[in-house]
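J.: One structure follows; several queries about it will come next.
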Amino acid sequence: MPRPTLAGAAFLMSALAAVSTALFSDGAGAQSPAAQSPTLIFGILETEQPPLVDLRNGEVAGGLIKAIGDEIARRTGLRPLYRLAPRNRLEADLADGLIDLACGYSPDWLPKVAITRFSTPILVSHSVLVVRRADGERLRTLGDLAGRPIGAILGFRYPREVEAAFIDGTWQREDAPSAERIS
């Protein structure tokens, strides 16, 4: 499985395999509205942004994750419920069964969730280091960032090598509550 990178997490659209296998195994179509009372609870970080999630007035109004969730719910006849969770609660809520499904996470980021609960990646993106043209010759590798402040998302787990660089002081980690607030 590809590992997430520094610049912001390879979006592995990982639906929990244990849930999706059970949901798709019977081949049943949509159920009647009366039979739709069982819910499928999707966990979404409250800091997610478009195009993954469109939040309006504290509610999930759209985005790629909602589209995937709505389609899974439609195919299973379950009613989708989108629960916003702070970063530090998502893993525990998944592990404890308070959330049925979450999209866009890697086992590297959620080590308390059993590896068998992750599906094969549906979508993989790659992060790149983008620098101003004037800095292009000086900043060609991640190692060239030594001693510089590095924007990170509070509570986000980065690959071991990146975490080690934060811990040993190679990089100066500067946490922000979301990617949009990293300066």
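J.: How much of the accessible area of the range 43-183, probe 1.4 Å, is carbon plus sulfur, in whole percent?
T.: On the way: 4360 of 8380 Å².
Answer for the range 43-183: carbon and sulfur cover 52 percent of the accessible area.
J.: Please compute the Kirkwood hydrodynamic radius over the range 108-163, one decimal place, Å, based on all pairs of different Cα atoms. Don't jump to the answer; show the numbers that get you there.
T.: Working: mean 1/r = 0.0688 Å⁻¹.
Its Kirkwood hydrodynamic radius stands at 14.5 Å.
J.: Please list, in chain and number order, the residues 5+ apart from Leu55 or on another chain whose amide H is under 5 Å from its amide H, with Hs placed from the backbone.
T.: For Leu55, the qualifying residues are Ala61.
J.: Which net charge results when you count Lys and Arg as +1 and Asp and Glu as -1 among the other residues whose beta-carbon is under 13 Å from that of Lys66?
T.: Details: positive: Arg56, Arg74, Arg83; negative: Glu48, Asp54, Glu59, Asp70, Glu71.
Here the charged neighbours net out to -2.
J.: Could you please report the charge total around Asp168, scoring K, R as +1 and D, E as -1 over all other residues with beta-carbon less than 13 angstrom from its beta-carbon? Show your work: numbers first, answer last.
T.: Numbers: positive: Arg160, Arg173; negative: Glu161, Glu163.
Taking every other residue near Asp168 into account, the sum is 0.
J.: Same structure again: With only alpha-carbon atoms counted, please give the Rg and Dmax of the range 61-175, in Å.
T.: For the range 61-175, the Cα-based Rg and Dmax read 18.1, 55 Å.
The values are calculated or read from the model by the stated rules, or taken from the named source; none is laboratory data. No experiment lies behind these values; they were computed from the predicted model shown. Every residue, glycine among them, receives a Cβ derived from its backbone with ideal geometry; neighbour counts consider all protein chains shown. Side chains included, ligands, DNA and RNA excluded: accessible areas come from the protein's heavy atoms. Shrake-Rupley method; radii C 1.70, N 1.55, O 1.52, S 1.80 Å.
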